[in-house]
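Trainee: This structure is in C-alpha cells; I'll ask about it shortly.
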Amino acid sequence: MRYQISGKQIDVGEALQTHVKAELGEVVEKYAQRPTECVVVFSRMAHEFVCEATIHLSTGLTAQARGHASEIYAAFESCREKMDKQLRRYKRRIRNHHSNRSAPVEFAGAASYILAANEDAEDAEPESLQPVVIAEMETKIPSITVGEAVMQMELAGQKMLVFRNEGHGGVNVVYRRDDGNIGWIDPRNSK
C-alpha cells in the first residue's frame, strides 16, 4: 500500500509517520486486504490538531475519516477509530465485493464545474440566465454496481454519488433523501 502522510503547516516527523503506517496498516489488513493508497493529512484548527485520512481500496471504494484532539497522536487515534468502525461495519459487504470483482473498478473522466452562488436577493431577477463558472476540474466517475455505489456513498459520508451502472453502462445517481432513505436515479428506466 502506498502512504502519503503530510501536514498543512505542520512538520510531520518520522516517528508520527511510522506510527500512522503501523496503525493504519493493521486496521486495513484486518478488514480490507487489498488497499491501494492511503492519504493522511494533519492540520491545526485553533487549538486542536485535525487528522483526515482517506483510504482507496482496489474495489473502487473510498473510506474517509476525520478526528480532532488537543494532541496530534490523539487526533490520529480518533481518526483511526472512526476508520476502524467504518471498515468493520462494511466488512461483510466489502469482502463479498472482493470475491465477485476480479478486476479493479474502471473510472471514466468527466468535467466538473463550480458555479458562483447568487448573492442577490431572492426576489431579484438575474441579469443573465447563464451561471458564472468559477472553477473547472476533472473528476472520475466509477463504473460500479448500485450496491457498491450506495456503500461508497455511505463510506465517504457523501449526500450523493454519480456513477456508471456496471449492468448497462448508463450514468446513474444515488442520493440520501431527507427522510433518511436512499434514492436512485436511473434515466434508462424512464418511459
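Throughout, read-outs are computed from the coordinates displayed, never taken from laboratory work. Source: prediction; values computed, not measured. Ideal geometry is used to build each Cβ from the backbone, glycine not excepted, and the neighbour counts take in all protein chains shown.
Trainee: If R0 is 22 Å, what FRET efficiency do you get for ALA15 and ALA74 from their C-beta distance, rounded to 0.05?
Mentor: The calculated FRET efficiency here is 0.90.
Trainee: Follow-up question, since we're still on this one. Considering every pair of different Cα atoms, what Kirkwood radius, in Å, is found for region 2-98?
Mentor: Every distinct Cα pair counted, the radius reaches 13.5 Å.
Trainee: What ³J(HN,Hα) values, in whole Hz, does the Karplus curve 6.51 cos²θ - 1.76 cosθ + 1.60 give for region 66-82 when θ = phi - 60°, with x put for Gly and Pro?
Mentor: Working through the residues one at a time gives 9, x, 9, 6, 6, 10, 5, 5, 5, 5, 5, 4, 4, 5, 4, 5, 5 Hz.
Trainee: What is the P(r) of region 106-189, as percent of Cα-Cα pairs per 5 Å bin from 0?
Mentor: 3, 13, 18, 17, 15, 14, 11, 6, 2, 0
Trainee: Subtract the Cα-Cα distance of TYR175 and SER43 from 0.36 nm times their separation in residues, and report this length gain in nm to one decimal.
Mentor: Gain on stretching TYR175 to SER43: 44.5 nm.
Trainee: Evaluate the relative contact order of region 106-189 (contact order divided by residue number), counting alpha-carbon pairs under 8 angstrom at least 6 apart; express in whole percent.
Mentor: 23 percent
Trainee: Next up: Kindly flag which residue pairs out of LYS8/LYS140; LYS82/LYS159; LYS30/LYS82; LYS8/LYS82 have an alpha-carbon separation exceeding 23 Å in this structure.
Mentor: Cα-Cα > 23 Å for LYS8/LYS140; rest within.
Trainee: A further question on this structure: What is the spin-label model distance, in nm, from ILE134 to THR62 if the labels are put 7 Å beyond Cα along the C-beta direction?
Mentor: It works out to 2.1 nm between the two label points.
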